[in-house]
There are 2 protein chains.
Amino acid sequence: MEKKNKIDQLLNQLGAWLQGTGQDSDIVVSSRVRFARNLKGLPFYHWADESKKKEVYEIVKEALFDIPELKNGIWVDISELPDLDKYFLLERHLVSRELVEKGPYKACVIGDQEIISIMINEEDHIRLQVLESGLSLLSALDIARRIDAQLARRLNYAFSYEWGYLTACPTNTGTGLRASVMLHLPLLVFTKQIANVVNTIAKLSFTTRGFYGEGTEASGNFFQISNQVTLGRSEEEIVENLLKVIDQVISYERQAREKVYTQDRFTLDDQIYRSYGMLKYARIMNSKEAIELLSNLRLGKELGIIDTDVRNINELLLLIQPAHLQKIEGKKLTMKERDIKRAELIRKRLGQEV
Amino acid sequence: MEKKNKIDQLLNQLGAWLQGTGQDSDIVVSSRVRFARNLKGLPFYHWADESKKKEVYEIVKEALFDIPELKNGIWVDISELPDLDKYFLLERHLVSRELVEKGPYKACVIGDQEIISIMINEEDHIRLQVLESGLSLLSALDIARRIDAQLARRLNYAFSYEWGYLTACPTNTGTGLRASVMLHLPLLVFTKQIANVVNTIAKLSFTTRGFYGEGTEASGNFFQISNQVTLGRSEEEIVENLLKVIDQVISYERQAREKVYTQDRFTLDDQIYRSYGMLKYARIMNSKEAIELLSNLRLGKELGIIDTDVRNINELLLLIQPAHLQKIEGKKLTMKERDIKRAELIRKRLGQEV
């Protein structure tokens with residue numbers, strides 16, 4: 001594993017989960033599986049004093065450096081990072097806001113192609129995440145389990161036969177599993193069915209979030225649906241129940257696409273092409289507009305209207321964020337400067353015309 | 001002169017006044033001179049019975065067919081035209097709304113390249129118009145006088161040594177001259193100086209109208225400034241006074257362009273390029289939006305930001321109108337169909353990308 005801070009190399013190649021391939025990739029952006037784990041006999045991070053935090057950090061670090069699957073990974077000591085780099089990793093979906101906030105002995109490991117990432121001393125001692133393109137929860141679960149098994153051989157997990165894995169927050173206790181799927185649902189938004197869908201999902205004990213994770217509003221018609229229940233069910237049950245819900249949502253979105261496109265093709269065409277035009281021509285663009293327009297462009301691709309590269313659109317959704325823009329430019333930028341650089345980056349990436 | 005209704009041939013080539021050349025053509029679209037004339041001993045159109053209207057029609061027609069400058073012109077009997085063709089000529093700035101409204105024995109002659117057009121039995125018996133590209137009032141006045149002199153040799157004008165040319169409406173009496181200049185003033189609008197300018201102009205007895213003539217609001221930052229006073233001054237004085245005002249307005253607009261572009265280049269760039277993007281990509285577009293966007297594109301050309309053909313933009317400002325779109329398609333169109341065809345026409349004319 002690379003011990004040096006090699007965050008800058010992440011600028012050159014983005015995560016495999018953005019490649020826009022896999023099952024149902026016309027609607028499903030990505031699938032994510034996350035395990036929460038803690039070490040036996042050591043207090044949860046928020047209750048631990050500095051020496052205990054350090055102890056956890058060192059034990060987990062040693063174990064991680066020993067795992068063959070992570071030997072090409074990047075080790076990052078969060079506490080040593082400049083703020084810009086912290087937000088860069090956050091924007092990247094590699095770490096949580098919790099991890100980059102104040103506190104000593106925090107770290108993460110970023111695996112090859114950003115498929116695996118592991119946080120140390122987040123809310124839990126260990127947060128293991130696997131992120132893949134398309135609808136691939138079972139494959140992601142499989143990878144997460146393999147890494148988890150490797151870790152379990154080297155670490156003594158806090159585990160109770162009655163409760164399962166013990167976690168800092170009771171909502172994670174049991175399997176410690178959070179499975180989530182990021183969906184692109186522009187037509188459920190367009191036809192105003194989305195509120196109903198989200199409500200129904202909530203009643204079935206699933207949670208809906210935005211593209212940019214916990215605590216963010218849905219933007220650009222991206223919705224992340226995940227399980228709430230972690231206790232009293234097996235990992236397979238949790239994933240299979242989520243998949244049933246996802247399948248339903250996918251079929252609603254597909255029906256809406258077909259219906260609207262048959263009934264009022266021009267309105268949808270116009271919205272998509274105008275978005276494309278704005279993206280290719282604007283000189284100043286804020287994040288919110290960029291996300292909305294990229295979402296429309298993605299829909300254009302999904303409907304076969306515009307021949308464009310989905311991976312490129314997905315990557316842009318990350319690259320247009322403030323820390324990414326500033327890392328690309330190699331310096332701090334004001335909001336206005338970012339809006340200008342954002343527009344410039346998008347034009348370049350979409351094949352500049354003027 | 002062509003006696004047949006050859007309106008359809010106008011579809012293929014638009015008027016010379018749209019060519020975007022001539023003095024100060026970065027701001028001045030076109031210059032127009034109009035004479036109002038009536039025949040001695042015959043009542044004004046609105047007071048005349050049918051036989052007198054017919055008499056005027058025949059006398060003027062005979063004279064017009066005798067004038068060498070008009071031998072390549074098109075003679076159009078307005079009363080025989082389908083509504084679509086009437087509005088086509090109106091949109092073209094060749095006839096007035098007054099002429100195409102109900103009433104018998106109305107006609108017009110459209111000269112070569114649409115520089116000269118003459119209306120018969122409008123409010124006055126004769127309305128002679130000369131329309132040229134750029135700031136060219138003196139040249140337009142010269143042409144108008146030449147034709148007027150030819151007509152005067154063949155017709156007995158209603159003229160009083162005290163009042164000058166007698167006209168149906170007293171606001172035209174005297175010289176019968178209306179001189180007007182169409183200006184493109186986007187930066188006076190952008191910097192909100194335009195209201196002041198229009199007020200000052202009004203105090204100096206000049207009138208400001210929109211692109212689409214009398215009774216229209218200014219749209220797309222186009223303003224038509226003309227003299228109100230026709231009496232008690234020579235034609236030269238009227239034109240020279242108007243030119244003084246126009247020169248002032250042009251210098252205000254130039255100053256505003258320079259100032260804004262120096263201080264906040266990106267905002268203006270963004271507005272111009274976004275407009276270009278919309279024009280090249282939209283699939284549905286109403287007239288109002290099209291005019292605004294074309295105005296921004298014209299500004300882009302005027303500021304040297306976008307390399308595009310001004311004649312093309314000017315022509316589009318005419319072609320996107322309802323009757324023109326329907327003539328091009330050769331059939332009646334609903335508003336929605338027009339909005340679709342308008343977007344299509346603009347894309348084609350600006351070099352379609354997708």
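The values are calculated or read from the model by the stated rules, or taken from the named source; none is laboratory data. This is a predicted model, so every value here is computed, not measured. We place every Cβ from the backbone using ideal geometry, glycine too, and count neighbours over all the protein chains shown. Please note that ligands, DNA and RNA were not included when accessible areas were found on the heavy atoms of the full protein model with its side chains. Shrake-Rupley method; radii C 1.70, N 1.55, O 1.52, S 1.80 Å.
The table that follows gives values for the structure above.
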{"quantity": "Options A:Asn296, A:Asn314; residue that is away from chain B (no Cβ under 13 Å), touching a Ser or Thr at 6+ places or on another chain (Cβ under 9 Å) and part of a helix (DSSP H, G or I)", "calculated": "A:Asn314"}
{"quantity": "A:Gln224 open to solvent by 10 Å² or more (accessible area, probe 1.4 Å), in contact with a Phe, Trp or Tyr (Cβ under 9 Å, 6 or more places away or on another chain) and at pLDDT 90 or above", "calculated": "yes"}
{"quantity": "Residue list for segment B:299-311, filter: more than 11 Å from chain A (Cβ to nearest Cβ), aliphatic (A, V, I, L, M) and open to solvent by 10 Å² or more (accessible area, probe 1.4 Å)", "calculated": "B:Leu303, B:Val310"}
{"quantity": "Residue within segment B:156-167 that is out of contact with any strand residue (DSSP E or B) (no Cβ under 9 Å at 6 or more places or on another chain), modelled with pLDDT under 95 and not polar (S, T, N, Q) present", "calculated": "yes"}
{"quantity": "Subset of segment B:323-334 that is touching a residue at least 40 places away in the same chain (Cβ under 8 Å) and out of contact with any Phe, Trp or Tyr (no Cβ under 7 Å at 6 or more places or on another chain) - its residue that is farthest from B:Leu183 (Cα to Cα)", "calculated": "B:Lys332"}
{"quantity": "Residues of segment A:64-86 satisfying the condition of being under 27 Å from A:Ala158 (Cβ atoms), of a type in the set (A, V, I, L, M, F, W, C) and surrounded by fewer than 19 Cβ atoms within 10 Å (Cβ to Cβ)", "calculated": "A:Phe65"}
{"quantity": "Candidates B:Ile346, B:Ile313, B:Ile320 - the one that is out of contact with any strand residue (DSSP E or B) (no Cβ under 8 Å at 6 or more places or on another chain), of a type in the set (A, V, I, L, M) and either without any contact (Cβ under 8 Å) to a residue 40 or more places away in the chain or over 30 Å from B:Arg265 (Cα atoms) (or both)", "calculated": "B:Ile320"}
{"quantity": "B:Gln248 without any contact (Cβ under 8 Å) to a residue 40 or more places away in the chain, away from chain A (no Cβ under 14 Å) and in a helix (DSSP H, G or I)", "calculated": "yes"}
{"quantity": "Any hit, segment A:32-46, residues being open to solvent by 10 Å² or more (accessible area, probe 1.4 Å) and assigned to a helix (DSSP H, G or I)", "calculated": "yes"}
{"quantity": "Residue selected from segment B:281-293 under the condition part of a loop (DSSP other than H, G, I, E, B) and over 25 Å from the mean Cα position of the chain (by Cα), by the criterion surrounded by the most Cβ atoms within 10 Å (Cβ to Cβ)", "calculated": "B:Ala282"}
{"quantity": "Selection from segment B:330-354 of residues that are open to solvent by less than 70 Å² (accessible area, probe 1.4 Å) and away from chain A (no Cβ under 14 Å)", "calculated": "B:Gly330, B:Leu345"}
{"quantity": "Residue ID - farthest from the other protein chains (Cβ to nearest Cβ), chosen from residues in segment B:261-280 that are open to solvent by 20 Å² or more (accessible area, probe 1.4 Å) and either at pLDDT below 95 or over 30 Å from A:Arg338 (Cα atoms) (or both)", "calculated": "B:Thr262"}
{"quantity": "Single unsatisfied condition, B:Gly232 versus (1) assigned to a helix (DSSP H, G or I); (2) out of contact with any helix residue (DSSP H, G or I) (no Cβ under 8 Å at 6 or more places or on another chain)", "calculated": "(1)"}
{"quantity": "Helices (runs of 4 or more DSSP H) wholly inside segment A:87-202 containing at least 3 residues that are over 27 Å from A:Leu317 (Cα atoms) and open to solvent by 50 Å² or more (accessible area, probe 1.4 Å)", "calculated": "A:137-154"}
